[in-house]
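Input: a single structure, listed below in structure tokens.
The values are calculated or read from the model by the stated rules, or taken from the named source; none is laboratory data. None of these values were measured; they are calculated from a predicted model. Here the Cβ is made from the backbone with ideal geometry for all residues, glycine too, and neighbour counts use every protein chain on show.
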Amino acid sequence: MMASLSQMNVFKGLGSVMSSVMGSVKIPGWLSLSSAPSTTFDRSYLILVIAMYMIGLVMVASSSMPVAERLFDNPFHFVIRHMIYIVLSIGIAVATLQLPMSWWQKSSGGLLLLAMVLLLIVLLIGRSVNGATRWIVLGPITIQAAEPAKLFFFCYLSAYLVRRRDEVMENFKGFLKPLVVFFFLALMLLAQPDLGTIIVMFVTTFGLLFLAGAKLWQFIGIASVGVTALSLLAIFEPYRWRRITSFLDPWQDPFGSGYQLTQSLMAYGRGEVFGQGLGNSIQKLEYLPEAHTDFVMAVLAEEFGFIGISVVLLLSFILVIKALMLGRQALAQEKFFEGYFAYAIGIWMSFQAAVNVGASAGIVPTKGLTMPLISYGGSSMIIMTIAVVVLIRIDHEIRLQSIQATSGGRK
């Protein structure tokens, strides 16, 4: 009873705390909702991100309290940290908004080098959790190096396609060069191991190369080799093979290799259409492992049902569609780097969200990927926020260019 009262109190306090946080952050003048002309900025990006922040905060609070009580003797441990991550994300977003897209293009090589350095540091001094070495610990700060590596690699790939666009479209050498870079990144990620991130980067890379005009036979040939290599990685690694076989029939070993998925499926089943109500999940009571991180969508499904899942998927779908449409608009105005970068972010977000929800629903094997802007995890939230900020900046520069062209034409 006392735990339920505590949960109710923290849920009531989340809204007021976030309101004060948002009120204390200063944003650029061109981003101000009250003063900026409506033609210079698409405010729907802000609405989408804030809505997903709030949903994620409430669900992390609901799903993490039992495990936080046991591990830290404080049911609000993960809630407080998640709120700190949101504040950090907002602060970093404000700083990133000041960077023009020309800076991203010029710095793409340096960002790629930074990504490689971070991945190398993880292998040398990274912290291991559950057999995986993926985190760099800097005092109270924990960095998952794979998250910035994705964003920085997509930035590099977008800049490469601008420099070598004709070469990519006309011969195999131009198509192969970015894949060599991806191969070295994949080797370092595989050593952690982090197959999920490799798959996300693989799909996004090939999707972007295809949109950039690579020949179909090149695309099919290399994609076939990549799929074969990923399949062999799963077959010859016992734990990966167990994940695949347990995904195909989790009820064959419900208390062993299929335990996590069966518990997740029970959560989905209990949710039905309208859910059991906020705070009424049973699976989060330490039946479902990683309930507040990789499987937060299962708890959301149990508490808010099909309606709750549909709302989150709709928000993600709108964000992805806006990114892809922005990419097309940028290419139409011959802003090729911005267009490719927006395409990459859209493909990345859509595939990662699909894998996260699909894994918790038993549609695809478990990959350990977070739900963008929803799941607990500071590195993922900050990097996803930066990705959205890049979209905002691209949109702003396109609108500003249009306004300047119109003004010049009138003069």
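In the set 151, 185, 157, 176, which member is over 21 Å from residue 342 (Cα atoms), in contact (Cβ under 8 Å) with a residue 60 or more places away in the chain and assigned to a helix (DSSP H, G or I)?
Being over 21 Å from residue 342 (Cα atoms), in contact (Cβ under 8 Å) with a residue 60 or more places away in the chain and assigned to a helix (DSSP H, G or I) holds for just one of 151, 185, 157, 176, which is 185.
Limited to the stretch 325-360, what total is found for residues that are farther than 21 Å from residue 197 by Cα and in a helix (DSSP H, G or I)?
Looking only at that region, the number is 12.
Would you be able to say whether some residue in the stretch 367-379 is part of a helix (DSSP H, G or I), under 12 Å from residue 147 (Cα atoms) and not acidic (Asp, Glu)?
Within the stretch 367-379, one or more residues are part of a helix (DSSP H, G or I), under 12 Å from residue 147 (Cα atoms) and not acidic (Asp, Glu).
Residue-wise test of (1) outside any loop (DSSP other than H, G, I, E, B); (2) more than 22 Å from the chain's Cα centre (by Cα).
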position: 265; (1), (2): yes, yes
position: 276; (1), (2): no, yes
position: 286; (1), (2): no, yes
position: 293; (1), (2): no, no
position: 299; (1), (2): yes, no
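Evaluate the following for residue 213: is it part of a loop (DSSP other than H, G, I, E, B), modelled with pLDDT of 70 or more and within 30 Å of residue 156 (Cα to Cα)?
yes
With the requirement that a residue be farther than 19 Å from residue 395 by Cβ, assigned to a helix (DSSP H, G or I) and free of Cβ contacts under 8 Å to residues at least 40 places away in the same chain, what does the stretch 86-140 give you?
Those that are farther than 19 Å from residue 395 by Cβ, assigned to a helix (DSSP H, G or I) and free of Cβ contacts under 8 Å to residues at least 40 places away in the same chain: 106, 110, 113, 114, 117, 118, 121, 124, 125.
Report yes if some residue within the stretch 70-87 is at pLDDT below 90 and either over 22 Å from residue 142 (Cβ atoms) or basic (Lys, Arg) (or both); otherwise report no.
Yes: the stretch 70-87 contains one or more residues that are at pLDDT below 90 and either over 22 Å from residue 142 (Cβ atoms) or basic (Lys, Arg) (or both).
Yes or no, residue by residue, for (1) in contact with an Asp or Glu (Cβ under 7 Å, 6 or more places away or on another chain); (2) buried (at least 23 other Cβ atoms within 10 Å of the Cβ); (3) more than 16 Å from residue 45 (Cβ to Cβ):
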residue: 333; (1), (2), (3): no, no, yes
residue: 347; (1), (2), (3): no, yes, yes
residue: 354; (1), (2), (3): no, no, yes
residue: 361; (1), (2), (3): no, no, yes
residue: 367; (1), (2), (3): no, no, yes
residue: 384; (1), (2), (3): no, yes, no
residue: 401; (1), (2), (3): no, no, yes
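Condition check ((1) surrounded by fewer than 16 Cβ atoms within 10 Å (Cβ to Cβ); (2) modelled with pLDDT of 85 or more; (3) under 30 Å from residue 362 (Cα atoms)) across all residues:
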residue	(1), (2), (3)
167	yes, no, no
174	no, no, no
193	no, no, yes
197	no, yes, yes
253	yes, no, yes
264	no, yes, yes
